[in-house]
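*Asks:* I'd like to ask you about the structure that follows.
The values are calculated or read from the model by the stated rules, or taken from the named source; none is laboratory data. Everything numeric in this text was worked out from a predicted model, so none of it was measured. Cβ sites come from the backbone with ideal geometry, for glycine too, and all protein chains shown count toward neighbours.
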Amino acid sequence: MNRALSRSLALAFVLGALSLAGCTAATGEDHPTGGVWGYVASADDAQIEVSGTATADELTVDRVLSPGDAWLVVHLNDDGKPGMRVGLQSIGAGESLGVTIALEGVATGSLIVAVHADKGEAGEFDFSMDDPTGSPDRPYFVDRAELAVVVAFE
Amino acid sequence: METTMTRNYTIAIEGMHCHACERLVTANLMEVPGITAVVADAAAGTAVITVEADPDLDSVASAIRAAGFEPSGGAATLKEAGPESVQPPLETPEPALPDAAGPEDADVCPTGTCPTVPPAPDPALMAASAAAATAHATFGIIGMTCSSCQAVIERTLARTPGVGSAVVNLAAETATVAYDPHTLTVDEIVAAIRGAGYDAVPHDEDAAPGTAGDAQREAQQAHIAKEKRLFVFSLALSVPLALLMIPSLMESVPLVVAEWLARTFGGAWDPMMVFKYIGFVLATPVQLIAGAQFYRGFWHALKRRTGNMDTLVAIGTSAAYLYSVAATFVPALAMEPVFFETSALLLTFVILGKLLEARAKGKTSDAIKKLMGLAPKTARAVRDGAEIDVPVADVIVGDTVVVRPGEKVPVDGAVTEGHSSVDESMLTGESIPVEKQPGDPVIGGTLNKLGSFRFRATRVGAETALAQIVKLVEEAQGSKAPVQRFADRISAVFVPVVIALAVITFLAWMFVVPRFVDPSFYLDVTPFIKALLAGTAVVVIACPCALGLATPTAIMVGTGKGAENGILIKSGEALETAYKIAAIVFDKTGTLTHGKPVVTDIELADGHDVDRVFMLAAALERGSEHPLAEAITARAKEKALHLPPVEGFAAIPGHGVEGTVDGMRVAFGNRRLMAREGIDLARFEDRISSLEAEGKTVMLVGVNGAKLAGIIAVADTLKADSAEAVAHLAKMGVEVYMITGDNRRTAEAIAAQAGIPADHVLAEVLPEHKADEVAALQARGLTVAMVGDGINDTPALAQADVGIAMGAGTDIAMETGGIVLMKNDLRDVVTAIELSRATIRKIHQNFFWALGYNSLGIPVAALGLLKPELAGAAMAMSSVSVVTSSLMLRRFRPGMTKGTTR
């Protein structure tokens, strides 16, 4: 018993040290998952397909599969990252085909279409670029990448 | 000083069989006016009484008959037992250890014919029983965590109708309850304790040595085993929780789990929420299963409107846990962080602390375990003429038991056949084996070295010396020292004060601090979170469990250490008071001296030799019970002298004895006898006077009414260790006094040898005035210890702040003394005081440790600088450090070198 308890004591101290270190690091860190800051979904449940190109006024998504109610969000492509939002369309859970998104303020370059969850107030796009990780309507991630496609502009 | 002359008489009494009979006769004779002291001897069939005035013989006979016995010859007749100058055999030591047993050993009569004897005169018990018919029971308590638990049980019992008093010992985990058996049963007491949220196991008071607490030990073992399982369970769940706090794991693990969940169950999973779910899944079993015991304790304490460690742990862990649950499942709080690891680790640390504490507490009772381990399991008893091995529990009083070399003596008894030497060091600490021959007492648990012998069992089961010693030590360890009251007082107010402090801390962090400090001080958490964590840490760090352990663990180790050194400390109070002793009063006879006169000097007249003089004197004194005569016959026996028959024997009161030995008329006695015989002592007068000046009793041997054959000087000699002990006590700053009924000249002679100054000699003190002398010293403001062995010392032992009884003394002296020295070695008085000082120092150190953690920890926690789980670890460590500090007392070594006796 003595040895077991001594070991337990040593382990307890290690745990204490770990928890001290861990807690210190954790304090104030709201989103602990590094690059994945949205909702993780399987490729079987979350997909997006766009075959055509976008016009100045609209973009059509051929097929989208979402694990829940969602938003199709169109951004200007800012050097591979989502830039200013230029289009927004809500979709239901499951498969949606031929979804057309009205665009505004598109002039040149390419676009990024991402799928965001509608987890906040239903029908309201609760997402702020100022606090992306703290917003409820964050994007879906599949295979550790945001569920999104790049669409060329005509 | 007023001096009253006393005389000693021997009365022959029929029908006494045992100590119980002796005690009854003693008690009744003490009621007779004029009798100041009584020593009844069942073996001799006599009682020696000390009288100031000749008692009424009819009253003496009535007293004997009232006790259930008969004066020999149908009427009481008094035979003078000796001159006043000789200490009466009141202080003649009885056979050593079998009598060192304590009160109950005297109550069993080997013949079963003795009248029922009331228990030993314990003033406290007598007072209690006078108030109500009171029974006592001891219970093992399982599940106590701190002194607040102790207070809860004591309060619960105190409120139970029929309970007179209840003392709960946290370290020994026992409750000793005095109750009225007419209104309350043991089962009802157990139910009351269980109602308070703890388990209770009644001790079997009649069980064999050290087995009274077996059920408790089993229950405690089961409890510890359960706690161990809970600890492993909590640890297994807390380790992943703690690991999840490492940043890299904090990122990767929830992600991997979220991916797995998405693949397996479909849907979308937020890794941040998955992180919280993992925390919930891991922490909830810890909170609900491992933490259930704390909620139970909290609830029971709450029902009694009190608080304990369970209250603090339950509140502290629940605050962290419930907030985390809300942050996990209440959407509005979805973005708030969780603290599942705090509650789980806190509970794990608390359970670990309890386990370590249980282990350390177990070690504090090692001395008892060692003592219990001495008792052999079987005995070789002679039944129907055959030697058969029987369980030691089956040995009955009167059985003849055979002991072979290397075997342990199974029970107490008296040797009937054979010779051997027995190692009694395990009980007395005396390393030199003691020679045993027919008639000598043997003690159960001691080791037979050489030779085989048979003995008749006189005390078995719970009556053996070993069982009584175990009981005494257990009782002492279970008793509460006055210093404990300090801890109790603090603990009683601690929980409410701590909760109030925690609430104040919370409110201050929530509402006051944000007004005055920069938000960056919060390290990105909200004031609410900071307030919650600070309040929780305050609740946890402040638990008073270490404080509750400070005194009892030190007392347990101290009394156990005493037992190892042959010093039985009968209560925590005695141990504590011994620390303050400023004056110590030694009884002379049997304490500083051997208590048995021995021949010290022989002067021969021309033409005589030593053996011949002794032969003549011993032949005359052969049948005498006078202690001086015993010294002569003992010397003759030592020399193996043949003692011829005596013709015309006559005892001449106040003079001596005379008779015809080998055809010679021999007179043996004092100067007056020689004058009566017409023997001229002029030539020897100087020598006689010088011997008398040394405090010796001079006896003269006259032959044929014509000339002196020799002078024999007899004296009660100083024990070898007395002077050393006195010197050491003086060095320790203790005033040493000697008290005796002897005349001043004899007393001062002995005191001078012992190194006691003449002005510290209290001579010619009657037994009933010894207590007054002690009281006079106390009146000077001194804490006084009395060291004695006889019945006549009993009032003084009771009067003294600490009564120290010699183990070879009478049962009553040992019952009265708070400390019993089993070896009759006065150096143990020094050791007892040293041990007391070491124990009290340890208690003070423990208070420092316990209060240090709390006093330092509370402000640190209130300032938000201590994480709750670390507060939990600190709390566990405070208990462990206090118990470990007490265990350091096991390294205590007596300061005096014991030379060859150890």
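*Asks:* Taking the conditions exactly as written (at positive phi and not in a strand (DSSP E or B)), does A:Gly98 satisfy them or not?
*Replies:* Working: at positive phi: yes; not in a strand (DSSP E or B): no.
No, not satisfied.
*Asks:* Right, something else. Looking at the structure I just gave you, is B:Val599 β-branched (Val, Ile, Thr) and out of contact with any Leu (no Cβ under 7 Å at 6 or more places or on another chain)? Working first, answer last.
*Replies:* Details: β-branched (Val, Ile, Thr): yes; out of contact with any Leu (no Cβ under 7 Å at 6 or more places or on another chain): yes.
So B:Val599 fits the description; yes.
*Asks:* Within region B:314-340, count every residue that is within 14 Å of chain A (Cβ to nearest Cβ) and over 23 Å from B:Met245 (Cβ atoms).
*Replies:* Selection size over region B:314-340: 2.
*Asks:* Restricting attention to region B:242-254, report how many residues are small (Gly, Ala, Ser) and facing another protein chain (nearest Cβ under 8 Å).
*Replies:* 2
*Asks:* Of the residues that sit in region B:554-590 and are hydroxyl-bearing (Ser, Thr, Tyr) and buried (at least 24 other Cβ atoms within 10 Å of the Cβ), which one is farthest from the chain's Cα centre (by Cα)? Give the derivation first.
*Replies:* We begin by selecting, within region B:554-590, every residue hydroxyl-bearing (Ser, Thr, Tyr); these are B:559, B:571, B:577, B:579, B:589.
After this cut, where a residue has to be buried (at least 24 other Cβ atoms within 10 Å of the Cβ) as well, the list is B:559, B:589.
On the way: B:Thr559: 6, B:Thr589: 25 Å.
Of everything passing the filter in region B:554-590, B:Thr589 is farthest from the chain's Cα centre (by Cα).
*Asks:* To continue, here is another question. Being modelled with pLDDT under 85 and among the acidic types (Asp, Glu) narrows it down to one of B:Asp180, B:Asp206, so name that one. First the steps, then the outcome.
*Replies:* Values: B:Asp180 fails: modelled with pLDDT under 85.
Checking each option against the conditions leaves just B:Asp206.
*Asks:* The conditions are (1) under 29 Å from B:Val274 (Cα atoms); (2) more than 9 Å from every other protein chain (Cβ to nearest Cβ), and A:Val86 fails exactly one of them. Which is it?
*Replies:* Just one mismatch for A:Val86, condition (1).
*Asks:* I'd like to verify a number: residues in region A:96-123 that are away from chain B (no Cβ under 12 Å) and modelled with pLDDT of 90 or more, how many?
*Replies:* 12
*Asks:* Could you please find all residues in region B:682-706 being touching a Gly at 6+ places or on another chain (Cβ under 9 Å) and surrounded by fewer than 21 Cβ atoms within 10 Å (Cβ to Cβ)?
*Replies:* Within region B:682-706, B:Gly705, B:Ala706 qualify.
*Asks:* Restricting the search to region B:150-174, which residues are within 23 Å of the chain's Cα centre (by Cα), surrounded by fewer than 21 Cβ atoms within 10 Å (Cβ to Cβ) and of a type in the set (A, V, I, L, M)?
*Replies:* Answer for region B:150-174, where residues must be within 23 Å of the chain's Cα centre (by Cα), surrounded by fewer than 21 Cβ atoms within 10 Å (Cβ to Cβ) and of a type in the set (A, V, I, L, M): just B:Val167.
*Asks:* Of everything in region B:630-648, what is free of Cβ contacts under 8 Å to residues at least 24 places away in the same chain and either surrounded by 14 or more Cβ atoms within 10 Å (Cβ to Cβ) or among the acidic types (Asp, Glu) (or both)? Give them in sequence order. Steps first, answer last, please.
*Replies:* From region B:630-648, those free of Cβ contacts under 8 Å to residues at least 24 places away in the same chain are B:633, B:636-638, B:640, B:647-648; that's our starting set.
If the condition is that a residue be free of Cβ contacts under 8 Å to residues at least 24 places away in the same chain and either surrounded by 14 or more Cβ atoms within 10 Å (Cβ to Cβ) or among the acidic types (Asp, Glu) (or both), then B:Thr633, B:Ala636, B:Glu638, B:Glu647 are the ones that fit.
*Asks:* Still on this model: Going by the conditions given, is B:Ala619 part of a helix (DSSP H, G or I), of a type in the set (Gly, Ala, Ser), within 25 Å of the chain's Cα centre (by Cα) and more than 30 Å from B:Val503 (Cα to Cα)?
*Replies:* Here the answer is no, as B:Ala619 does not meet what is asked.
*Asks:* Separate question: Name the one entry in A:Gly120, A:Gly94, A:Gly109 that is out of contact with any Cys (no Cβ under 8 Å at 6 or more places or on another chain) and in contact (Cβ under 8 Å) with a residue 40 or more places away in the chain. Step through it out loud before you land on a result.
*Replies:* Values: A:Gly120 fails: in contact (Cβ under 8 Å) with a residue 40 or more places away in the chain; A:Gly94 fails: in contact (Cβ under 8 Å) with a residue 40 or more places away in the chain.
Answer to the check: A:Gly109.
*Asks:* Of all residues in region A:113-148, count the ones that are surrounded by fewer than 16 Cβ atoms within 10 Å (Cβ to Cβ) and in a strand (DSSP E or B).
*Replies:* Total satisfying the criteria: 1.
*Asks:* Name the residues in region B:751-777 that are of a type in the set (A, V, I, L, M) and crowded, with 17+ Cβ neighbours inside 10 Å, would you?
*Replies:* B:Ala751, B:Ala754, B:Ile756, B:Val761, B:Leu762, B:Ala763, B:Val765, B:Leu766, B:Ala771, B:Val774, B:Leu777
Here is a yes/no grid of residues against (1) assigned to a helix (DSSP H, G or I); (2) crowded, with 23+ Cβ neighbours inside 10 Å:
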residue	(1), (2)
B:Ile840	yes, no
B:Gly852	yes, no
B:Ile858	yes, no
B:Ser881	yes, no
B:Ser886	yes, yes
B:Gly895	no, no
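*Asks:* List pairs: first residue in region B:187-200 and on the phi > 0 side of the Ramachandran plot, second residue not in a strand (DSSP E or B) anywhere in the structure, Cβ distance under 7 angstrom, at least six positions apart or on different chains.
*Replies:* So the pair list comes out as B:Gly197/B:Arg296; B:Gly197/B:Gly297; B:Gly197/B:His300.
*Asks:* Still on this structure, I have one more. From the residues in region B:286-313 that are in contact (Cβ under 8 Å) with a residue 12 or more places away in the chain, farther than 18 Å from B:Ser324 by Cα and not in a helix (DSSP H, G or I), which one is nearest to the other protein chains (Cβ to nearest Cβ)?
*Replies:* Only one residue tops the list, namely B:Asn308.
*Asks:* Could you check region B:255-285 and list, in sequence order, the residues that are within 60 Å of the chain's Cα centre (by Cα) and within 7 Å of another protein chain (Cβ to nearest Cβ)?
*Replies:* If the condition is that a residue be within 60 Å of the chain's Cα centre (by Cα) and within 7 Å of another protein chain (Cβ to nearest Cβ), then B:Phe275 is the only one that fits.
*Asks:* Can you tell me how many residues in region A:49-73 are away from chain B (no Cβ under 14 Å) and over 13 Å from the mean Cα position of the chain (by Cα)? Step through it out loud before you land on a result.
*Replies:* Pass one, region A:49-73, residues away from chain B (no Cβ under 14 Å): A:49-63, A:72-73.
Next, only the ones that are over 13 Å from the mean Cα position of the chain (by Cα) stay: A:49-63.
Looking only at that region, the number is 15.
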